[in-house]
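Every number here is computed from the coordinates shown, using simple stated rules; none is lab data. Computed from a predicted structure; not experimentally measured. Note that each Cβ is placed from the backbone with ideal geometry, even for glycine, and that neighbours are counted across all protein chains shown.
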Amino acid sequence: MKLTVVGCSGSFPSAESACSSYLVEADGFRLLLDMGNGALGELQRHCGLYDLDAIFLSHLHADHCIDMCAYFVARYYRHDGGRCAPIPVYGPEGTEHRLTTAYADTPTASSMSEVFDFHTVKPGSFDIGPFSVHTERVSHPVEAYGIRVEHGGRSLTYSGDTGVCDRLDELARDTDLFLCEAAFTDGKESIPDLHLNGREAGESAARAGARRLVLTHIPPWTDPQTNLADARAVYDGPVELARPRATYGI
Ligand SMILES: [Zn+2]
Ligand SMILES: [Zn+2]
């Protein structure tokens, strides 16, 4: 698998990065995990506008899904007058309604479904193209999922947004790359069931036995080096900060 960080800024975009969006490729299949603010522009550095094969939305906070409204425009009002065939979109209950409402003025109530084939995510295992995926509910104020993506005996686990959560540890069990949020700073912000800090992300990776940890979803007002040091203090494996345009072979 190849992972490309399209956007990794937490909660709102930074000058350097769009919000959450990660491209996962294998066997010529392109799966996008989340499409937050600014992601659609950055995505076009990495693949053609119409080259995605499936989209997974971890939850419906704007910093994870709002560019789907822009992507609707690109697919529905193609410059050649055609309309794109529906692409599979996996998201929590109510994804179609939320995106339709956010867009505010779709031609009809079902216009989104003309270009997006919506599937409701529940905890469990299923296939997306060549990938075997497993989803689990994580601890966040809205219905939110972490996802483990497997291909060819290798695995990537993406936390989505979550507080400390046993199910996240299980999802990341022995995973090859753990892409884990670390939005908070230890000792500064402490709200249960919302976000992890660097230490908590490191502890989750350690409990899970993850082979590599990449910290992501760090907001522009948070010092990433503090979170990186806090994760390193509790996790022995390799840890780094996600950066826009970084790629990983998994
Ligand atoms: Zn978020
Ligand atoms: Zn969120």
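Ordering ALA210, VAL142, TYR158 by the projection of their Cα atoms onto the charge dipole of the stretch 128-226, which places +1 on the Cβ of Lys and Arg and -1 on the Cβ of Asp and Glu, puts ALA210 at the extreme positive end.
For the chain, the 222 nm mean residue ellipticity estimated from helices alone, with every DSSP H stretch of n ≥ 4 adding -39500 (n - 2.57) and the total spread over all residues, rounds to -6000 deg cm²/dmol. Around the Cα centre of the chain, unit charges on the Cβ atoms of Lys, Arg, Asp and Glu (plus for the first two, minus for the last two) sum to a dipole of about 380 debye.
Rg to Rh ratio, the stretch 196-238, alpha-carbon atoms and Kirkwood radius?
Using only Cα positions, Rg/Rh for the stretch 196-238 is 0.95.
Near ASP193, the amide H atoms lying under 5 Å from its own belong to GLY163, VAL164; only residues 5 or more places off or on other chains count, and H is placed 1.01 Å from N. Residue-wise HN-Hα couplings along the stretch 135-141, as the Karplus relation 6.51 cos²θ - 1.76 cosθ + 1.60 with θ = phi - 60° gives them from phi, are 10, 9, 5, 10, 9, 8, x Hz; Gly and Pro carry x. With r as the distance between the Cβ atoms of TYR77 and SER190 and R0 = 30 Å, compute the FRET efficiency 1/(1 + (r/R0)^6) and round to 0.05. Step by step, r from the Cβ atoms, then E = 0.10. Across the stretch 116-131, coupling constants 3J(HN,Hα) worked out from phi with the 6.51/-1.76/1.60 Karplus curve, θ = phi - 60°, read 10, 9, 6, 10, 7, 7, 10, x, x, 10, 7, 9, 10, x, x, 9 Hz, and Gly and Pro carry x.
Karplus-derived 3J(HN,Hα) values for the stretch 97-109, using 6.51 cos²θ - 1.76 cosθ + 1.60 with θ = phi - 60°, are 5, 4, 5, 4, 5, 5, 5, 5, 8, 5, x, 9, 4 Hz; glycine and proline are entered as x. Spread over its residues, the convex hull of the C-alpha atoms of the stretch 2-249 is 113 Å³ per residue.
Which percent, to the nearest 5, of DSSP beta bridges fully inside the stretch 2-249 are antiparallel? Don't skip to the end; give the middle numbers.
Numbers: 29 of 52 bridges.
Here the share of antiparallel DSSP bridges comes out near 55 percent.
Each peptide among 36-49, 8-21 gets the average number of other Cβ atoms lying within 10 Å of its residues, and from highest to lowest they stand as 8-21, 36-49.
Applying 1/(1 + (r/R0)^6) with r as the Cβ-Cβ distance of THR101 and GLU240 and R0 = 30 angstrom yields a FRET efficiency of 0.20.
With Cα atoms defining each centre, the stretch 191-250 and the stretch 107-179 are spaced 18 Å apart in the structure.
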